[in-house]
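K.L.:
Pasting a structure below so you can have a look.
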Amino acid sequence: MTTFLGMPARAPRGVGHLRGDEPFPVAARTALADPQLRRNLNHATTTIRGKSGRVIAELPDWQELRSAGSALKAHTMANLPALLEQLEAAVTAAGGVVHWAADANEANRIVTELVQATGEQRVIKVKSMATQEIGLNEALEEAGITPVETDLAELIVQLGDDKPSHILVPAIHRNRAEIREIFLRAMPGVDPSLTDDPPRLAGAARQYLRQTFLSTRVAVSGANFGIAETGTLAVVESEGNGRMCLTLPDTLITVMGIEKVVPAWQDLEVFLQLLPRASTGERMNPYTSMWTGVTPGDGPQNFHLVLLDNGRSAVLADEVGRQALHCIRCSACLNVCPVYQRTGGHAYGSVYPGPIGAVLSPQLTGVADNASLPYASSLCGACFDACPVKIDIPAILVHLRNETPHPRSEAAMMAAAAYIMKHPRLYARAQRAAKLARLVGRRGRGLPPPLNGWSASRDLPAPPPQTFRDWWAKR
Ligand code: SF4
């Protein structure tokens, strides 16, 4: 018997954070007008890229590791129903309880009811993209339960009443002066003489969080990996806050996207080498926490695993697009993307920004609800080169563009080009005109309207001295 994952449904509207309020070009314009944002982004992405590049260069078999990661993910997607059943059986045998959530509404309801059953009014949270995706914090707050983010960057975002703008560094758009101001305004019990010295900022957060860790009995986490073979869940993080959340409370609730399952323990050998080097530029994750069900007298005594679909089955049904489910959320593609580096994450409108967001969000929601995102790319291919599991993001972008109405200007240009190419004389004249325009453009005036936007910030390539037609005619 196999698990039937159900008719592929998209992530529902009106809940969670997969859709923006405005299309990407409009939101990007607002972001581009903020020079401080660009400075913060440029500094942070350049630093992470440099660190990551240095530790990747240490591994002679990096390309082989990437291929292994890619093959493991493809194998997992091809066997997802069986692996999820295996995971469920192993978690249950180890004393955990598995819940299946078809979408964000169901997942939020399950988690809220589980917390209510404990009688607690507050939960501590480990950084989790899945719970951001479904809008769990809002659902808990509506039920009178206070969620406290314990990852430093997530805490900055939560206290600032802000939205995350990077997968790994959610507060990448904030500098330390802004963080100090947020702490002074919103952190309970903060020392009013707090400076913007990073160790002092971290110390203030540590003091606030420590009391919360010690007095909260329910934790909510995501998971980087769920091992089907043993029912073990794994979370990797850098601050130790995750370890506190995963070990101190009585009840632990983990929300995991169904694509995070891996077949066997041994597979972590590959992913735990790829992930830290590609994400934070470290050789090993500072904290890798793993747990299997419940261990009497040690750690949480109640463990619930919520397996979340929320559009993933629909992504899996698309033979080209399903590669997006291979993502291990390292954020390397964001740090190399020329579009992300200028606009930041908010312009994408979804919790998944950058190149991976441009292919994952439209597929989870249905392309019509995020139609501008597949165009939020120059198709330069840097994301593909950087991806530790070799996701061919440019190919998925092009595939999704074919499912969306092309921008009017592009459609008109393509129609004109098709017409000209069908008429040889017109084509020859157009070639001569293009050569002339490029010669004029290169003398400093750029292309004439409506193409002047293209040449406003680029040098036009030099026209070839001879076209193929000229060469052919001479022979
Ligand atoms: S698509 Fe690749 S590079 Fe981008 S976040 Fe996912 S794993 Fe990392």
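The values are calculated or read from the model by the stated rules, or taken from the named source; none is laboratory data. This is a predicted model, so every value here is computed, not measured. Glycine gets a Cβ as well: all are built from the backbone with ideal geometry, and neighbour counts include every protein chain shown. Remember, those area values only see protein heavy atoms, side chains included, never the ligands or the DNA or RNA. Shrake-Rupley method; radii C 1.70, N 1.55, O 1.52, S 1.80 Å.
K.L.:
Going through segment 151-184 one residue at a time, which ones are outside any loop (DSSP other than H, G, I, E, B) and not aliphatic (A, V, I, L, M)?
P.N.:
Glu154, Gln158, Arg176, Glu178, Arg180, Glu181, Phe183
K.L.:
If we scan segment 161-170, do we find a residue that is more than 16 Å from the ligand (Cβ to nearest atom) and aliphatic (A, V, I, L, M)?
P.N.:
No, segment 161-170 contains no residue that is more than 16 Å from the ligand (Cβ to nearest atom) and aliphatic (A, V, I, L, M).
K.L.:
Collect the residues in segment 337-347 that are buried (at least 24 other Cβ atoms within 10 Å of the Cβ) and within 15 Å of the ligand (Cβ to nearest atom), keeping them in residue-number order.
P.N.:
Across segment 337-347, the qualifying residues are Cys337, Tyr340, Gly345.
K.L.:
Moving on. For segment 22-36, name all the residues that are open to solvent by 30 Å² or more (accessible area, probe 1.4 Å) and not β-branched (Val, Ile, Thr).
P.N.:
Hits for segment 22-36 are Glu22, Pro23, Pro25, Arg29, Leu32, Ala33, Asp34, Pro35, Gln36.
K.L.:
Go through segment 384-393 and give me each residue that's open to solvent by less than 10 Å² (accessible area, probe 1.4 Å) and either of a type in the set (A, V, I, L, M, F, W, C) or in contact with a strand residue (DSSP E or B) (Cβ under 8 Å, 6 or more places away or on another chain) (or both).
P.N.:
If we filter segment 384-393 for residues that are open to solvent by less than 10 Å² (accessible area, probe 1.4 Å), which is where we start, we get 388-389, 391, 393.
Correct list: Val389, Ile391, Ile393.
K.L.:
While we're here: Out of the residues in segment 330-358 that are more than 10 Å from the chain's Cα centre (by Cα) and among the β-branched types (Val, Ile, Thr), state the one that is farthest from Leu32 (Cα to Cα).
P.N.:
Val336
K.L.:
For Pro300, state whether it is touching a residue at least 24 places away in the same chain (Cβ under 8 Å), open to solvent by 10 Å² or more (accessible area, probe 1.4 Å) and more than 30 Å from Thr47 (Cα to Cα).
P.N.:
Details: touching a residue at least 24 places away in the same chain (Cβ under 8 Å): yes; open to solvent by 10 Å² or more (accessible area, probe 1.4 Å): yes; more than 30 Å from Thr47 (Cα to Cα): yes.
For Pro300, the condition - touching a residue at least 24 places away in the same chain (Cβ under 8 Å), open to solvent by 10 Å² or more (accessible area, probe 1.4 Å) and more than 30 Å from Thr47 (Cα to Cα) - is met.
K.L.:
Does segment 229-269 hold any residues that are polar (S, T, N, Q), over 30 Å from Ala78 (Cα atoms) and under 22 Å from the mean Cα position of the chain (by Cα), and which are they? Quick ask: steps written out before the conclusion?
P.N.:
Here is the first cut: in segment 229-269, the ones polar (S, T, N, Q) are 230, 232, 238, 241, 247, 251, 254, 266.
Right, trim to over 30 Å from Ala78 (Cα atoms) and you get 238, 241, 247, 251.
Passing the criteria: Ser238, Asn241.
K.L.:
Spot the failing condition for Val367; the list is (1) of a type outside the set (Gly, Ala, Ser); (2) free of Cβ contacts under 8 Å to residues at least 60 places away in the same chain; (3) crowded, with 24+ Cβ neighbours inside 10 Å, and only one is missed.
P.N.:
So the condition that Val367 fails would be (3).
K.L.:
Let me ask something else about it. What is the one condition in (1) buried (at least 18 other Cβ atoms within 10 Å of the Cβ); (2) at positive phi; (3) of a type outside the set (Asp, Glu) that Tyr375 does not satisfy?
P.N.:
Single failed check for Tyr375: (2).
K.L.:
Continuing with the same structure: Is it the case that Leu397 is at pLDDT 95 or above and assigned to a helix (DSSP H, G or I)?
P.N.:
yes
K.L.:
Please work out if Leu305 is at negative phi, within 16 Å of the ligand (Cβ to nearest atom) and open to solvent by less than 20 Å² (accessible area, probe 1.4 Å).
P.N.:
Spelling it out, it is not the case that Leu305 is at negative phi, within 16 Å of the ligand (Cβ to nearest atom) and open to solvent by less than 20 Å² (accessible area, probe 1.4 Å).
K.L.:
Does any residue in segment 375-387 that is touching a residue at least 24 places away in the same chain (Cβ under 8 Å) and outside any helix (DSSP H, G or I) come within less than 9 Å, Cβ to Cβ, of a residue that is away from the ligand (no atom under 14 Å from the Cβ) and of a type in the set (A, V, I, L, M, F, W, C) six or more places away or on a different chain, and which pairs are these?
P.N.:
Ala376/Phe24; Ala376/Ala28; Ala376/Ala347
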